[in-house]
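Below: the structure, in structure tokens.
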Amino acid sequence: MRRRSGSSAPAPDRVRPGATTGPSPVRRGSVAGPSRVRQRRSGTRAARVADVGRHERVAELARLDVEGLVVADVGCGSGRTVRALLDPAPGAHAPRLVHALDHVSALDDDLLADARVRSRITDLDGPLPWRDGELDRLVSLNTAEHLGDPVAHLAEVHRVLRPGGLCVLAHSDWDTALFTSTDDQLTRTLVDRFTAAALGPGRSDGFMGRKLLALAATAVRRGSGWTVEAATSWADPHRRFDDGSLAWKVATGVLASAQDDPVLAARASGWMEELRALAAAGQFLFTVTDVAVVLRRD
Ligand SMILES: C[S@@+](CC[C@H](N)C(=O)[O-])C[C@H]1O[C@@H](n2cnc3c(N)ncnc32)[C@H](O)[C@@H]1O
């Protein structure tokens, strides 16, 4: 993959570290209203289905089937997955404690104030800040691509999970980003560039989603004692293109990745405006394939 340094970026959260992902972002520092999961429970069937996003899916894969669990979300960003863990689907139990770990402080203020949440500022490229076997579950969404050695990280995750504990490793595969546009060729060019571009001084991998299983297999082969319980994928539909929407964030990353080519950058700006117009006319769709692997510590 071609990599550039000092440029801006593929993934939406790589545009603004810790930014939220999902269709209806909670503003940093704002107090969240009723969660999407609660709205989902009381809405129509269609509304319920439409309202499930990647954060809720990750929370469901963490199988919160008993009370009193201690869970960690590593690379938590503003805390959308933390929020989904704290308000799980009917039949599941909110954890007793959610550790929200990131190397920058971006957690929403209401989560910082929540007694069930413990914010940790830690670099995932080093040791995890928990004792052996301290956690029941660990989840990670769109973080693996940023790590120097994801297999070494998994060995650390193995250490801090109790036997039988679960690790949910989830990642968008940015190469699968799909945008409705009237210019398919330009869209192809822009998505290719977006996928290939590296973000700033950090690491990124636009193909990480499809690599998760191989990553898990390497961890198993190295003998740390994992069983791969499940591998799954989904592509949620997003029809909004207003500022802050997921499609807008990814398109903003696409635009940024074209900035070193002035002609392409100008065409990308026009492309953004067209997506906005298509969304206003109800003709726009954005999806990206998310992949998740569930590992059980033996
Ligand atoms: C793409 S964002 C995903 C945020 C969140 N999981 C979500 O899906 O909304 C990646 C997150 O990983 C964090 N991150 C990247 N490298 C890290 C590292 N070495 N240690 C700790 N956190 C890291 C970033 O700060 C960012 O919040």
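None of the figures in this text is laboratory data; all of them are computed from the coordinates on show. Not measured: the values here are computed from a predicted model. Every residue, glycine among them, receives a Cβ derived from its backbone with ideal geometry; neighbour counts consider all protein chains shown.
Could the peptides 130-137, 118-125, 97-104, 53-60 be put in order, highest first, of the mean number of other beta-carbon atoms found within 10 Å of their residues?
Ranked from most to least packed, the peptides come out as 53-60, 97-104, 130-137, 118-125.
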Subject >> Listed residue (ALA219, ALA247, SER257) projecting farthest to the positive dipole end of region 213-276, Cβ model >> reply: ALA219
Subject >> Amide H partners (placed H, <5 Å) of GLY165, local residues excluded >> reply: ARG297
Original post:
If amide H atoms are built 1.01 Å from N in the plane of the peptide, which residues on other chains or at least 5 residues away come under 5 Å of the amide H of GLY77?
Top reply: none
Original post:
Residue by residue, what Karplus-based ³J(HN,Hα) values in Hz, rounded to whole numbers, does region 283-298 have, using 6.51, -1.76 and 1.60 with θ = phi - 60° and x for Gly and Pro?
Top reply: 10, 9, 9, 10, 9, 8, 7, 9, 10, 9, 10, 10, 10, 9, 6, 5
Original post:
Between VAL228 and ARG120, what is the FRET efficiency for a Förster distance of 35 Å, r being their Cβ-Cβ separation, to the nearest 0.05?
Top reply: 0.80
Original post:
Expressed in nm to one decimal, what extension gain is obtained for the pair ALA113 and LEU285 from 0.36 nm per residue of sequence separation less their Cα-Cα distance?
Top reply: 58.3 nm
**OP:** Round to the nearest 0.05 the FRET efficiency obtained for ALA152 and ARG239 when R0 = 51 Å and r is the Cβ-Cβ distance.
**Re:** 0.80
Subject >> Backbone N within region 143-174 under 16 Å of label point (7 Å from GLU134 Cα along the Cβ vector) >> reply: 156-163
Original post:
Which residue, chosen from LEU97, GLY126, SER140, occupies the Cα position most advanced towards the positive end of the dipole of region 91-158, where the dipole is computed from +1 (Lys, Arg) and -1 (Asp, Glu) charges on Cβ about the Cα centre?
Top reply: LEU97
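Please list 139-148, 223-232 highest first by mean number of surrounding beta-carbon atoms within 10 Å per residue.
139-148, 223-232
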**OP:** Treat each spin label as a single point 7 Å out from the Cα along the C-beta direction, and report the ASP298 to ARG267 distance in nm.
**Re:** 5.2
Subject >> region 153-298, dipole about Cα centre (Lys/Arg Cβ +1, Asp/Glu Cβ -1), debye to the nearest 20 >> reply: 720
**OP:** Would you please give the residues with an amide H less than 5 Å from that of HIS99, counting only those at least 5 places away or on a separate chain, with H modeled from the backbone geometry?
**Re:** VAL71, ALA72, ASP73, ARG118
Original post:
With charges only on Cβ, +1 for K and R and -1 for D and E, what is the dipole size of region 109-213 about its Cα centre, in debye, rounded to 20?
Top reply: 300
**OP:** Take every Cα pair under 8 Å in region 201-274 that's 6+ residues apart, average their separations, divide by the length, and report that relative contact order as a whole percent.
**Re:** 13
Original post:
Roughly how many Å is it from the Cα centre of region 104-128 to that of region 132-181, as a whole number?
Top reply: 16
